[in-house]
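None of the figures in this text is laboratory data; all of them are computed from the coordinates on show. Only a predicted model underlies this, so the values are computations on that prediction, with no experimental measurement involved. A quick note on method: Cβ atoms are made from the backbone with ideal geometry, for glycine too, and the neighbour counts reach across all protein chains shown.
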Amino acid sequence: MKPLALFGVFVLAVTVSVAQTASPTKSRTAKQRAVSAKEVQELRDALTAQQQQTEQQRQQLEQLRSQLQQLIDANQQLTAAAQKSQSGVEQAQSTAAQAQQSAAEARRLANQASANVVEAKTALSVVNSKSQEEGKKIKAFCRMEFRIATAPACVSALALTAS
């Protein structure tokens, strides 16, 4: 009987020890489930917060894209206006250069015309001087040879030189 009693005590001891270890395991599992449910809720809350933050960031990104596109459009408009302005400046410079060339040509022609006038006056003065000398010679000749009253040819020659 002793072995049977020992065996009974042994079974009893094992049962008690299993019972003692089983109880804490069940309470730990319940705590773990409670902690897990709390952690799951916290994770869900964190995920919701991240999704909201992601949506806000997406909206901000869209706003920035829109602003960037507006800046690109404005830059293109300014570039086109600058090119048009540059073209106008180049055309004005070309027109000014042509005007300067025309003015230089006009000055050259005016100087040439002025020189021609001086040359013509000089030539006219020479012709007038020679004409007066010829008239004086004719008068002198007419006075000496024929006398003014008796030479009708001299009178007509004098009339021509006087005018």
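Of note:
- Put in order of Cβ neighbour count within 10 Å, fewest first, the listed residues I72, I138 become I72, I138.
- Our summary of shape: the Cα atoms of region 66-150 have principal axis extents of 116, 17, 7 Å, ordered from largest down, in whole angstrom.
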